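Student: Could you have a look at this structure, given as structure tokens, before my questions?
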Amino acid sequence: MAKLTAERASAQTFIPLMQELAGAYQAFSLYDAEGLRTSGSDLTPSQARVVFTLGGSDGMTCKQVGDITLITKGTLTGVVDRLEEKGLVQRWSVEGDGRKTIIALTRRGERVYNKEFPRHITFLKEKFDRLGAGDRKQAIKLLQKIKELF
């Protein structure tokens, strides 16, 4: 296989797909953050993802929360620190394994979850409802295929 030059690299057929995927993610992220900002919830997008992930559970390990939210371990620590300062989460070490930490919502965190999660889903639903069920299914399949490539 010949080494790609800059000219041949820019002509690769997957580049428009890559650009649309990045653009879609950016557009969603901006809209998602706007929904949180306008709600007055005082949660950043990362904090909301953690609260929404923990809601309705008895708590999860940091690894589980990171895997679901896609927040890296280093960033997650800071996010949880701030949520703890706000009184929304608590954490404790697993007995016998000090490396494992459980994070759970406090009563106040559960109240925030019960108020903000339905409100935020309603905010997002308005946009996603513009896609028919078939389009949503197709998008899920294609996005899963793309994820499996990496």
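Student: Just the residues that are of a type in the set (Asp, Glu) and not in a helix (DSSP H, G or I), please, taken from region 17-54.
Tutor: From region 17-54, those of a type in the set (Asp, Glu) are 20, 32, 34, 42; that's our starting set.
Passing the criteria: only Asp42.
Student: Within region 116-150, can you find the residues that are under 30 Å from Leu83 (Cα atoms) and in contact (Cβ under 8 Å) with a residue 60 or more places away in the chain?
Tutor: Hits for region 116-150 are Glu116, Phe117, Arg119, His120, Phe123, Leu124, Lys127.
Student: I need the full set of residues from region 35-57 which are at pLDDT 95 or above and charged (D, E, K, R), in order please.
Tutor: Arg49
Student: Quick check on Arg111: is it of a type in the set (D, E, K, R), farther than 30 Å from Ala24 by Cβ and in contact with a Ser or Thr (Cβ under 7 Å, 6 or more places away or on another chain)?
Tutor: Working: of a type in the set (D, E, K, R): yes; farther than 30 Å from Ala24 by Cβ: yes; in contact with a Ser or Thr (Cβ under 7 Å, 6 or more places away or on another chain): no.
So Arg111 fails the test.
The values are calculated or read from the model by the stated rules, or taken from the named source; none is laboratory data. Because the structure is a prediction, the values reported are computed rather than measured. Using ideal geometry, Cβ is built from the backbone for each residue, glycine included, and neighbour counts are taken over all protein chains shown.
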